[in-house]
1. Given the structure, is Gly85 assigned to a helix (DSSP H, G or I) and surrounded by 15 or more Cβ atoms within 10 Å (Cβ to Cβ)?
2. All but one of (1) loosely packed, with under 15 Cβ neighbours inside 10 Å; (2) within 15 Å of the chain's Cα centre (by Cα); (3) at negative phi hold for Arg9; which doesn't?
3. Scan the stretch 13-24 for residues that are surrounded by fewer than 23 Cβ atoms within 10 Å (Cβ to Cβ) and closer than 19 Å to Thr79 by Cα and jot them down.
4. Looking only at residues in the stretch 67-82 that are surrounded by fewer than 16 Cβ atoms within 10 Å (Cβ to Cβ) and of a type in the set (D, E, K, R), which one is nearest to Gly20 (Cα to Cα)?
5. If a residue has to be surrounded by 23 or more Cβ atoms within 10 Å (Cβ to Cβ) and either over 14 Å from Met87 (Cβ atoms) or touching a Pro at 6+ places or on another chain (Cβ under 7 Å) (or both) to count, how many in the stretch 44-66 make the cut?
Amino acid sequence: MFSLAFIDRLRSRFAAAVDGFETARALAEEAGWLDGVAAAYNNLAAVRLEQGDIRGAAEHLRAALRIHRANGNEHGEATMMGNLGAMCWSLATCTKPNSTCARRWS
């Protein structure tokens, strides 16, 4: 599921990507694969960012962060904190109205 959803994301088929990552999340949850659940949330965050949904992206990243913390996955925790930090940094440094980041964050 992850691979197909990732291809949809790369092709800007965001609705299909969200469906695929949500399906992957549900399957990972059902299987008890917490790292898979967190990975799905991280990928959902990437799609939300590309759609300009900053709040949605942050919610997904925080969900993944909570899972990694609860699971004792320090690498995953650090990765999610880095992703959240990068998103905040991009927001703070995006000043050109015609730039790609300005379109994403507006």
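1. no
2. Checking Arg9 against (1) loosely packed, with under 15 Cβ neighbours inside 10 Å; (2) within 15 Å of the chain's Cα centre (by Cα); (3) at negative phi, the one that fails is (1).
3. Scanning the stretch 13-24 gives no hits.
4. That would be Arg69.
5. 0
Read-outs throughout are calculated quantities, based only on the coordinates presented, and are distinct from any laboratory measurement. Just so it is clear, the structure is predicted and the values come from calculations on it, not from any experiment. Positions of Cβ are backbone-derived with ideal geometry, glycine not excepted, and every protein chain shown enters the neighbour counts.
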